[in-house]
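Single-structure report; data block below.
The values are calculated or read from the model by the stated rules, or taken from the named source; none is laboratory data. These figures come from a predicted structure and were not determined experimentally. FYI the Cβ positions are ideal-geometry reconstructions off the backbone, even for glycines, and counts take in every protein chain you see.
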Amino acid sequence: MDRKLIKILIMYLNKNNRILNKTFYNTYEKYYKNLLNKKYPYLNYKNELGCHSYVIAHFIVYKIKIFKIKFNMDYTLFDICNLINLKLEYCNIIIFPVEICYLPKLQLLSLAKNKLKSIDDDLCSLSNLVTLNLSNNKISEISENISKLINLKNLYLSNNKITTNYVKLLEYGNFDELDLSNNKLLYLVPNSLSKIKKLKLKYNLINDIPNKNTPYKLTYLNMSMGSLVEISDNICSLSNLTYLNISYNIINKIPKNISTLINLEYFICNDNILTKIPNCLLKLTKLYELNLSGNLINNIPYNISKLENLTIFNIRSNHLLDIPINISQLCKLEKLDISLNKIDKLPNDITTLQKLNTLTINSTLIKHIPSGLNDRIEIITHKNQIKNKDDLPKSVSFIDNNKDQ
């Protein structure tokens, strides 16, 4: 690579657009070589070379491993062609720097937090690219040719202005993770999701999951803070899901066929308008975390005990008046939050939950804690709310928390 091209690349690394000259290379050539000979695992020149090596300080930020970069004796700072990871964030880049395409070994490229409006087709020459981060830009269109990056597994496009010009990109891509959060998407196309495993769609305008005859490969889906009014029966096509987040929508019921999501471990459905916990939800026996806080639920069903693997249960800020005795059969339960409800007592059988290590009861009417709870439990409550503190083991800790008052 010639010196001119090297300087252009360095200019992008340098926020002040200072181009290093031959004198600089001459001055520090020996120093660089010594560092390489010592096999330093990471570039760490910022404090040692000071302000004259501004570009080297940037290399630290970009986490470029030194053993991936070759030293060149002809006063070229490094053989940049061997870069593996490159981050050009907060650089006010408006037009895609095509010089990046001369870095054929790049596996990670981040151009996040810039002012890009589009991506050049030349990017497709980076055939080894595995992770591409274009979040926090002004991109409204995505070239279909990005799908030619056959090794691209992680694509981050959150906080842009993408509407619907993504269909072919997703249809032919083979992504493990795709983040389209905070764009202007109105709908999803069934075939566009067939190969994706982890999908983030929060802060969009999508109001349904597309129907598809064959199951998706999705294991992670985040559709929080959107426009979902209900979960349609199409949810059954997501049989591989282990994580589902539909919080901060306006959902008022959960469909019966959610019970087909037999692999679901995390169900986050807080801040909706649910009025009850349906029986179909209690068939998801692999659930590890269930978050139904901020809804309108007025009771916990007696057969909650069917969730035998439930470890985290958050049902704060609902309309509960009591806790069923059967909650004591959730033998793996470690965290229970029943704050901001009108519950006035805890069932005595709750003491059988010996793995329970955090109990949050802020802004409830509870004044008495049953003796026999886990000795190491943390009880999060308001100051002076509990009257029998002195009767409990000293190892039980009370954490005063007034934020819900």
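Structure values in brief
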read-out: Hits in the range 376-392 - residues which are assigned to a loop (DSSP other than H, G, I, E, B) and out of contact with any Lys or Arg (no Cβ under 9 Å at 6 or more places or on another chain); value: Arg376, Ile377, His382, Lys383, Asn384, Leu392
read-out: Test: residue in the range 249-264 that is under 24 Å from the mean Cα position of the chain (by Cα) and small (Gly, Ala, Ser); value: no
read-out: Residue in the range 391-405 that is surrounded by fewer than 18 Cβ atoms within 10 Å (Cβ to Cβ), closer than 28 Å to Asn245 by Cβ and touching a residue at least 60 places away in the same chain (Cβ under 8 Å) present; value: yes
read-out: Condition met for Lys332 (modelled with pLDDT under 95, part of a loop (DSSP other than H, G, I, E, B) and of a type in the set (Lys, Arg)); value: no
read-out: Qualifying residues in the range 312-364 (those that are surrounded by fewer than 20 Cβ atoms within 10 Å (Cβ to Cβ) and acidic (Asp, Glu)) - the one nearest to Val396 (Cα to Cα); value: Glu334
read-out: Filtered residue count, the range 376-405, keeping only those that are modelled with pLDDT of 85 or more, closer than 14 Å to Ser339 by Cα and polar (S, T, N, Q); value: 1
read-out: Which numbered condition Leu221 fails, given (1) under 17 Å from Leu261 (Cα atoms); (2) modelled with pLDDT under 90; value: (2)
read-out: Residue that is within 16 Å of Ile300 (Cβ to Cβ) and acidic (Asp, Glu), where the choices are Asp391, Asp344, Asp400, Asp375; value: Asp344
read-out: Meets criteria (modelled with pLDDT of 95 or more and not small (Gly, Ala, Ser)) for Lys256; value: no
